[in-house]
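The values are calculated or read from the model by the stated rules, or taken from the named source; none is laboratory data. None of these values were measured; they are calculated from a predicted model. Glycine also receives a Cβ, built like all others from the backbone with ideal geometry; neighbour counts cover every protein chain displayed.
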Amino acid sequence: MMGKGKIIGTVVAAVAVPAAVVAAAVFILPQFGISASNTLYYFSDGEDSKTVSVGKEDISAYKSRYADAMSDFYFSTLSENDKYIYNATVYAADNGYSTIYLPGSLFTDSEEKMSAVEPVLTRLSCDSPFIAHNYTIDGTLSMKRSQYAGNEYYIIELETLGGEYKTRREAAYQTAKSVVSQMPASCDTDAEKAEYIYTYIAENVSYQYDSYSFDNVPIADALIDGKAVCDGYCDTFAMLMNMCGIDTATVNGTNGKEWHAISFSKIDGEYYYFDVTADSSAFAEGFSPAFYFGMSWDITRSYFNFDTKYSSLMPQTAGSIAESVTDCMIDDLSNDSAQQTAQLLSEKSRIMIKFADTITDSEKREYAQNVAKYCGGKIGTAEYNGLVGYRLAA
């Protein structure tokens, strides 16, 4: 399993906050002179619980202290109210607050607008490596409705924005800065920087098949502990790439029946797709990265099903980033086809093949042996969700 992707869950219907909870809030809030209907409230989750209020204009103009590690790809697609919710969540994450009171004025229709919060937070989690995919223990984002001083507020609680998570995010950020500072001076183009970062992650992070907790900070799991599922790989790749000035974000989908996430980056004016999770698995099997580096739109969607909510936003680059990579489709296992594949392989450092669904694993192995015969030597292969990479053996 490649991980759940950055799927937030379903927003549940609004419910009235119990009186005891409201009473506790009313006891604290007057100390801060909170009265404006456009005020947004935060409650910390530490032992010394404190409340702060931030005006709507300040939230609307807020820039994260970690902006150098984030993309604004999805942010640019949002409405003004949605950008406010987006920025409010970023503010809470930066400051370690796990509970957010959103003004009722944001929602013209409570039920409909509440359901719209989930895609905003999903897009934020794809822009920002600091916003984890899991917002509550059971994976369901819940929202409550409350009244205070004659005004209506909607409350969301995002556990992984709290204090202990803030500390771990900061540690990962500092580690990322160290990784970027050690990049060789020879990496002077964006493509070379991307390959260095991609290879670094693939070779230093191992995929976790079992016993992985989703109540975590994926970037810290990857950069500090050296372990991750797809979210950790994507978040770490995005953080390092954005720190180098290369716009990079995450996109959700499935790799067959399981949730998965991959990355996309803008290099030399074009967006390309990256699946460092897959190359990490290939590296574990003895292959050097990168099979799934800088892929075209067509080859990516041949094995990755983009989430329908976001597929229309995705850039559709025609070719792969590296001239040494060729993408091809094979549905004919004849000797002539094997000879043509061998010729391609002799001209390129690697090729990516999408076999027809009717071709079995044993037929793929036999075909690889046939290609190797025409190459005059051994070849290495690595397969991930039906996408097969060929390389001439050293």
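Summary of computed values
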quantity: Conditions (1) part of a helix (DSSP H, G or I); (2) in contact with a Lys or Arg (Cβ under 6 Å, 6 or more places away or on another chain); (3) at pLDDT below 75; (4) not small (G, A, S): number failed by H133; calculated: (1)
quantity: Test: residue in region 192-205 that is crowded, with 18+ Cβ neighbours inside 10 Å, out of contact with any helix residue (DSSP H, G or I) (no Cβ under 9 Å at 6 or more places or on another chain) and acidic (D, E); calculated: yes
quantity: Any hit, region 76-94, residues being modelled with pLDDT under 90, closer than 18 Å to E157 by Cβ and small (G, A, S); calculated: yes
quantity: S211, sole failed condition from (1) at pLDDT below 90; (2) closer than 19 Å to N242 by Cα; (3) more than 17 Å from the chain's Cα centre (by Cα); calculated: (2)
